[in-house]
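Asker: Pasting in a structure now, in structure tokens, and then I'll have a few things to ask.
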Amino acid sequence: MKRREFLIAGSAAALEGLSVNASQAQTSESRAKIVIAGAGAAGLSLASRLRHGMPNATIVIVDAKKQHHFQPGYTLIGAGLWSPSQVTSNNADYMPRGIEWIQEAVTAFEPETNAVFTTSGTRIDYDFLLVATGLKLDYDAIEGMDTALIGQNGIASVYAGPNEAQASAAAIDRFIETGGIGLFGRPTGEMKCAGAPLKMTFIADDKARRAGRRGAVELIYNAHTGGVFSVPPVNERVTEMFAERNIAVNYTHVLAAIDPGSKRATYRTADGEVTLDYDFIHVIPPMRAPDAVLDSPLPWQDGNLAADGWVEADKATLRHPRYPNVFAVGDIAGVPRGKTAASVKWQAPIVVANLIAETAGRTGSASYNGYTSCPMVTGFGKAMLIEFDYEGNLTPSFPFIDPLKEQWVSWLIEEKGLLGAYRAMLRGYA
Amino acid sequence: MSDFSPVVVFYILSESLGIWLWIVLALALALLVGITYAALRLRAADRSPARPLVMAAIAGVLTTAIFTFLVPGWSHAEISALNGPVDYVFAILFSMVPAGIVAALVFIIAGLRCASGMARTSKNLVGAIKG
């Protein structure tokens, strides 16, 4: 144990007497073999909690990715405030002791035989499978788009990674300098952090105002439906703010193609295809399950979550209805909301608590209400701390913070608080 | 807020501040020792702690006032970003960290000077009576 870990663990142990999280207090002596597919936010958080709660279990985590990225920080890089190094660390730093980490990608799931296969062809059997692979950013689904274009010809996209987010920040600055038309929007279907497309629009607006160039840029948000956000009170508030800030909105516009050479973007609309000229465009790709999941029996077989391959899961327990020893957590879970790190913070303890209960011969009763959170940055130093559940009810964690009011304290939570909370979540302590 | 137990808050602070958490805790401990020592010296010299306390309070209030305007900058924001009472309360709360350090230092220095000044006065008085 490293010195720092020892100090932290010792101090936390001293505090442990003051308060113990209910789900952490439960343990199971089961020797079950648990395979976690994916070492992102959900995979690491699950691994840490399971290591605490099931000390005798064999826990295997499968992921080829060695770097870890704090994805909620991408919009702050896109704003030009953070650097890529602030969101980049190593998965090894968060891997709990006593976990076997197979540094290969999962290539196939075979739930009928309780096995997964890796890139080397290795078969890994399991008693329980936790699918936490994350999702695939499908840039190829937009004709003419390539991640290599990000940062060039007025093309930005903060989703692609920290370096691309930094290139996007530079693209926003160039756009503000030169002026012209800026297009924003989001894809149809489920996506991670649905607030980010709005955040980037607000950030571009604020940067242009600060530079005294707001009159030189025309900002247009292309909403994929008849609203800009799926939660009604938030939709109303953001629509009102867009109007106040002279940000135009096109409804039911979904980006289908771009022509980087002529700077034209084609949108699918209710009335057919529409082509818009741009000087700057923030591209957000459609999102879907990774190929290994998509090609497996795990996704929904029908309904609106089937086409993109999201793993079928009970929305309260995240358990697969057809394969009861399989759970889906994080972005890959086929539930109505919850593709944020904040969702993982609530999903992981639910799944672990129920798994511990089940392997200890008890009945698990933990239930996920769809909680997710979006600190909606509306300018430098301002944000709205929006939290809601499956039903679209606003569920503020802090009663003194108005979720629909632009506040510095909400920005402070985004800018200073989330990274620490996220890392604590990866270690299974938050 | 029910999930923000002391353990959770400790881990979040630990992950947020890194080594600075331990530096701040060590500094807080050192200041606490200093305050206790200064208070004991005042008591031994039979001096009231009122004057050092008032000086510390003034220094603390001034530092809070100054840092309230600086705290938004620490978060890449401007003072104009403070929007409503909750923002000001949090800015003041954060400002109370440096203010607490300054107030503690002022109390220690003023307390020790006060105590040693009394000791010197007593010594001089005894010397004058004997002489």
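The values are calculated or read from the model by the stated rules, or taken from the named source; none is laboratory data. Nothing here was measured: the structure is a model prediction, and the numbers come from that model. Cβ atoms come from the backbone with ideal geometry, glycine included; neighbour counts cover every protein chain shown. When the accessible area is computed, the model is the full protein with side chains, heavy atoms only, and any ligands, DNA or RNA have been set aside. Shrake-Rupley method; radii C 1.70, N 1.55, O 1.52, S 1.80 Å.
Asker: How many nm is it between the label spots at B:ILE109 and A:GLU143, if each spot is 7 Å from the Cα in line with the beta carbon?
Answerer: 7.3
Asker: Given contacts defined as C-alpha pairs under 8 Å and at least six residues apart, what's the relative contact order of chain B, whole-number percent?
Answerer: With pairs under 8 Å counted, the relative contact order is 34 percent.
Asker: Which value, in Å², gives the accessible area per residue of the protein assembly as shown when a 1.4 Å probe is used on the protein heavy atoms?
Answerer: That works out to 43 Å² for each residue.
Asker: Probe 1.4 Å, all protein chains in place: accessible area of B:TRP74 in Å², nearest 10?
Answerer: Rounded to the nearest 10, the figure is 120 Å².
Asker: Still on this model: How large is the helix-only mean residue ellipticity at 222 nm for chain A, computed as the sum of -39500 (n - 2.57) over DSSP H runs with n ≥ 4, divided by its residue count, in deg cm²/dmol to the nearest 500?
Answerer: Calculated from helices alone, the mean residue ellipticity at 222 nm is -8000 deg cm²/dmol.
Asker: Relative contact order for segment A:139-286 using alpha-carbon pairs under 8 Å, separation at least 6, rounded to a whole percent?
Answerer: Value for segment A:139-286: 33 percent.
Asker: Shifting gears a bit: Using DSSP to call loops (not H, G, I, E or B), can you name the trypsin sites (Lys or Arg not before Pro) in segment A:89-167 whose Cβ has at most 12 other Cβ atoms within 10 angstrom?
Answerer: Of the trypsin sites (Lys or Arg not before Pro), the ones in loops of segment A:89-167 whose Cβ has at most 12 other Cβ atoms within 10 Å are A:ARG97.
Asker: Here's a follow-up. If you count, for every residue in B:86-94, the Cβ atoms of partner chains within 10 Å of its Cβ, what is the mean?
Answerer: The mean count of partner-chain Cβ atoms within 10 Å per residue comes to 4.
Asker: Oh, and also: How large is the charge dipole for the protein assembly as shown, taken about the Cα centre, if only the Cβ atoms of Lys, Arg (+1) and Asp, Glu (-1) carry charge, to the nearest 20 debye?
Answerer: Its charge dipole is roughly 3220 debye.
Asker: Could you let me know the centre-to-centre spacing of segment B:1-71 and segment A:381-413, using Cα atoms, in angstrom?
Answerer: Each part reduced to its Cα centre gives a spacing of 30 Å.
Asker: Counting Lys and Arg as +1 and Asp and Glu as -1, what is the net charge of the other residues whose Cβ lies under 9 Å from the Cβ of A:CYS374?
Answerer: In short, 0.
Asker: Could you put B:LEU105, B:LEU42 in order of accessible surface area, largest first, with the 1.4 Å probe and the full protein assembly present?
Answerer: Correct descending sequence by accessible area is B:LEU105, B:LEU42.
Asker: Something else now. Please tell me the relative contact order of segment A:21-112 in percent, rounded to the nearest whole number, where contacts are Cα pairs under 8 Å and at least six residues apart.
Answerer: Worked out over segment A:21-112, it gives 31 percent.
Asker: State to the nearest 20 debye the size of the charge dipole of segment A:139-286 about its Cα centre, where the only charges are +1 on K and R beta carbons and -1 on D and E beta carbons.
Answerer: 440
Asker: Which whole-Hz couplings ³J(HN,Hα) result when phi for each residue of segment A:127-142 is put into the Karplus expression 6.51 cos²θ - 1.76 cosθ + 1.60, θ = phi - 60°, listed in order with x for Gly and Pro?
Answerer: Once rounded to whole Hz, the list reads 8, 10, 10, 10, 8, 9, 6, x, 10, 10, 7, 9, 4, 5, 6, 9.
Asker: Another question, then. Return the long-range amide H neighbours of A:TYR371 (sequence gap of 5 or more, or a different chain), with a cut-off of under 5 Å between placed amide H atoms.
Answerer: A:TYR390
Asker: Using alpha carbon centroids, what distance separates segment A:129-177 and segment A:237-298, in Å?
Answerer: Cα centroid to Cα centroid, the span is 13 Å.
Asker: Among A:ILE172, A:THR225, A:TYR278, whose Cα projects farthest towards the positive end of the dipole of segment A:166-278, with charges put on the beta-carbon of Lys, Arg (+1) and Asp, Glu (-1)?
Answerer: Of the options given, the answer is A:ILE172.
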